[in-house]
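Participant: Dropping the structure in here first, questions after.
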């Protein structure tokens, strides 16, 4: 995250989920954001201002008429310093006030005076959330450009179950980080990313796959999203959470990934094939489980479709990027793949590294250009690799 000490105003209103806002403040501080908290008086009935003051390391603001600590109009000064305002939790009351232009306390007046983006994270009883009046108020605010993080579905504090639970705090922080990301050079561009492994069935029990975790592809998709792109992520089976804000297409086999990519390919500006697609599949699928018979099993395999090569044939104005995961002759093999598949760039990745191989959060790669130029990157996080890659690609579109 390139936050350059961004300032986030957290507005806390009077709902039972107030305590979760403490975790959001804590997480933002750990990511080096400047955090100021405005509490409504009802919020202070649930959690003391001292708790938020300790987490934010700033004085908590509640009363618009309290004695000023400096010669400034409080709601104006807070509105001016905000890079983003997030209301967590957002009650039906605060949503209704803002949607109808009511500014009768420090939080509502600050929001009204702010030019920064405002995001609401609603949390309330499911019947209240689904009330047509509340829904109408939210739709009205969204038309004005206000953002909402939809509440989760689950058991609520009142004992009811349904939509209305405050979304996971880690998710909320990710949304805030994304909105405040410094680089927005992919706005208006379309980026397609493939990630994870594919699977090819042998029989109803067994299948062929590989050790790809999907982490690199997901990091690329998240970087493109945060830089403003419209992102489509085509993913094989992984244990990763689906990134917010992307079009997610779940696939399993080579054929499913091929079809999903071909459907979207022609409308993309950048296509990055980070998936580890099966090169071979069983010649014959056994509809019955293969029984043990003798000490050896012969399993004939046939070559499957080379998706990246097919895209290279179809490529027109798209920037096409591939990955070469190699255990030997890294650069030589990657350069062959770059040429044979008509790529613009290829990421050469040595999979034998102990701390940069499969399932690692880090990577050590060489980016090879079509013209033969190379950029070698030392060990860094996969997200940082994605950032370095888009620093190159964004200047080419």
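Please treat every number below as a calculation from the coordinates, not as lab data. This is a predicted model, so every value here is computed, not measured. As a convention, Cβ positions derive from the backbone with ideal geometry for all residues, glycine included, and neighbour counts pool all protein chains shown.
Participant: Any idea what the relative contact order of the chain is, in percent, if you count C-alpha pairs under 8 Å spaced at least 6 apart?
Facilitator: 11
Participant: Taking the chain as the reference, fit the longest principal axis to its C-alpha atoms, fit the long axis of helix 18-30 to the helix C-alpha atoms, and give the angle between the two in degrees, 0 to 90, nearest 10.
Facilitator: 60
Participant: Under the definition of Cα pairs under 8 Å and six or more residues apart, what whole-number percent is the relative contact order of the range 7-179?
Facilitator: Computed value for the range 7-179: 23 percent relative contact order.
Participant: Using all C-alpha to C-alpha distances in the range 237-356, build P(r) with 10 Å bins and read off the rounded percent in each one.
Facilitator: All Cα pairs, binned at 10 Å, distribute as 11, 33, 33, 18, 5, 0 percent.
Participant: Can you tell me how much longer the chain between residue 373 and residue 283 gets when fully stretched, taken as 0.36 nm per residue apart minus their C-alpha distance, in nm with one decimal?
Facilitator: That pair, residue 373 and residue 283, stretches by 28.4 nm at full extension.
Participant: Let me ask another. Whole-Å semi-axes of the chain's equivalent ellipsoid, largest first, each the root of 5 times a Cα gyration tensor eigenvalue?
Facilitator: Whole-Å semi-axes of the equivalent ellipsoid: 47, 25, 19.
Participant: Can you give me the Rg/Rh ratio for the range 214-300, using Cα atoms for both radii and the Kirkwood formula for Rh?
Facilitator: Using only Cα positions, Rg/Rh for the range 214-300 is 1.12.
Participant: Same structure again: Rg over Rh of the range 7-179, using C-alpha atoms and the Kirkwood radius, what does it come to?
Facilitator: When Rh is taken as the Kirkwood radius, the ratio is 0.94.
Participant: Could I ask something else about it? Go ahead and collect, in residue order, the members of the range 177-209 whose backbone nitrogen is under 16 Å from a label point 7 Å along the Cα-Cβ direction of residue 248.
Facilitator: Under 16 Å, as judged by backbone N against the label point of residue 248, lie 193-197 of the range 177-209.
Participant: Treating only the Cα positions of the range 304-397 as identical point scatterers, give the base-10 log of I(q)/I(0) from the Debye formula at each q in 0.21 Å⁻¹.
Facilitator: Ignoring solvent entirely, the Cα scatterers give -1.09.
Participant: When averaged across all projection directions, what area in nm² does the alpha-carbon convex hull of the range 190-396 cover?
Facilitator: The number I arrive at for the range 190-396 is 12.4 nm².
Participant: Let me ask you something else. How big is the Kirkwood radius of the range 1-53, worked out from every pair of different alpha carbons and given in Å to one decimal?
Facilitator: This gives a value of 11.4 Å.
Participant: Rounded to the nearest 5, what % of DSSP beta bridges with both residues in the range 7-179 are antiparallel?
Facilitator: So the antiparallel bridges amount to about 20 percent of the total.
Participant: Helix 330-340 sits at what angle to the longest principal axis of the chain, using alpha carbons and giving 0 to 90 degrees rounded to 10?
Facilitator: It is inclined by approximately 80 degrees.
Participant: Continuing with the same structure: So what's the angle, to the nearest 10 degrees on a 0 to 90 scale, between helix 169-179 and the longest Cα principal axis of the chain?
Facilitator: Helix 169-179 sits roughly 80 degrees off the main axis of the chain.
Participant: 7 Å from Cα along Cα→Cβ at both residue 267 and residue 161: what's the point-to-point distance in nm?
Facilitator: Roughly 3.7 nm, to one decimal.
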